[in-house]
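A.B. asks: Shown below is the structure under consideration.
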Amino acid sequence: MDDEPMTDQRRFETTSLPLAASLLSQITGATLLEVSPDPSVDGKRLLIVAYPPEQTQAVQNVVTKFHGRQLVVPLYIYNRALNTLRDRLKQDTSHHAL
């Protein structure tokens, strides 16, 4: 069913927009769950990506290849995910400035 609780989802946290975009473009069922309202220690906002538990190995594979600079992703899908993340960050920033 589509009404599965979010507790069944795993979470991956990162401050890297490119890594989050890579996960969203490569992992089936991955969604942006949350953007932290405040910057983390390094001054960047924390992005929380939710994904189905059965995709845990795929997430680890994407992260490993990303950090090893070996990840290959479809450019259109990656850019769309990256632009969506940037828009979300800008939108959240403008709401907090009010």
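Readers should treat all values here as calculations from the given coordinates under stated rules, not as data from a laboratory. Everything numeric in this text was worked out from a predicted model, so none of it was measured. With ideal geometry, Cβ positions are generated from the backbone for all residues, glycine too; neighbour counts draw on all protein chains shown.
A.B. asks: Measure off 7 Å from each Cα along the Cα-to-Cβ vector at His67 and Arg11, then give the distance between these two points in nanometres to one decimal.
C.D. replies: 2.0
A.B. asks: Mind telling me which of Pro39, Pro53, Pro18 comes out most flexible in a GNM of the chain, alpha-carbon contacts under 10 Å?
C.D. replies: Greatest mean-square fluctuation among the candidates belongs to Pro39.
A.B. asks: Looking at Val49, Gln26, Gln91, which one has the Cα that reaches farthest to the positive end of the dipole of the stretch 6-97 (charges on Cβ: Lys, Arg +1; Asp, Glu -1)?
C.D. replies: Toward the positive end, the furthest listed residue is Gln26.
A.B. asks: Please compute the length gained on full extension between Lys90 and Glu34, using 0.36 nm multiplied by the number of residues separating them and subtracting their Cα-Cα distance.
C.D. replies: Once the chain is fully extended between Lys90 and Glu34, it gains 18.8 nm.
A.B. asks: When Lys and Arg each count +1 and Asp and Glu each count -1, what net charge do the other residues less than 13 Å away from Val73, Cβ to Cβ, add up to?
C.D. replies: Summing Lys and Arg as +1 and Asp and Glu as -1 gives +3.
A.B. asks: Given the peptides 46-52, 58-64, arrange them by the average over their residues of other C-beta atoms within 10 Å, most packed first. Can you show the working numbers first?
C.D. replies: Working: 46-52: 19.4, 58-64: 15.7.
My ranking of the peptides, most packed first, is 46-52, 58-64.
A.B. asks: Under 10 Å, Cα contacts only: if you run a Gaussian network model on the chain, which one of Gln55, Gln26, Gln70 comes out with the highest mean-square fluctuation?
C.D. replies: Checking each option, the largest mean-square fluctuation is seen for Gln70.
A.B. asks: Please express the Cα-Cα pair-distance distribution P(r) of the chain as a list of whole percents, one per 10 Å bin, running from 0 to the bin with the greatest distance.
C.D. replies: Histogram of Cα-Cα distances, whole percents per bin: 15, 46, 32, 7, 0.
A.B. asks: Once amide H atoms are placed 1.01 Å from N in the peptide plane, what residues at a sequence separation of 5 or more from Arg10, or on another chain, have their amide H within under 5 Å of its amide H?
C.D. replies: Here Tyr51 satisfy the definition.
A.B. asks: Additional query: With runs of 4+ DSSP H residues as the only contributors, calculate the mean residue ellipticity of the chain at 222 nm using -39,500 (n - 2.57) per run, divided by the residue total and rounded to the nearest 500.
C.D. replies: Values: 3 runs with 45 residues, N = 98.
That comes out to -15000 deg cm²/dmol.
A.B. asks: With an 8 Å cut-off on Cα pairs and a minimum separation of 6 or more residues, tell me the relative contact order of the chain in percent.
C.D. replies: 33
A.B. asks: For the stretch 9-98, give the magnitude of the charge dipole about the Cα centre (Cβ charges: +1 Lys/Arg, -1 Asp/Glu; no others), in debye to the nearest 20. Numbers along the way, then the final one.
C.D. replies: Working: 10 positive and 7 negative charges, 49 e Å.
Here the size comes out at about 240 debye.
A.B. asks: Check which residues have an amide H placed less than 5 Å from Leu33's amide H, if you skip close sequence neighbours.
C.D. replies: Ile48, Val49, Ala50
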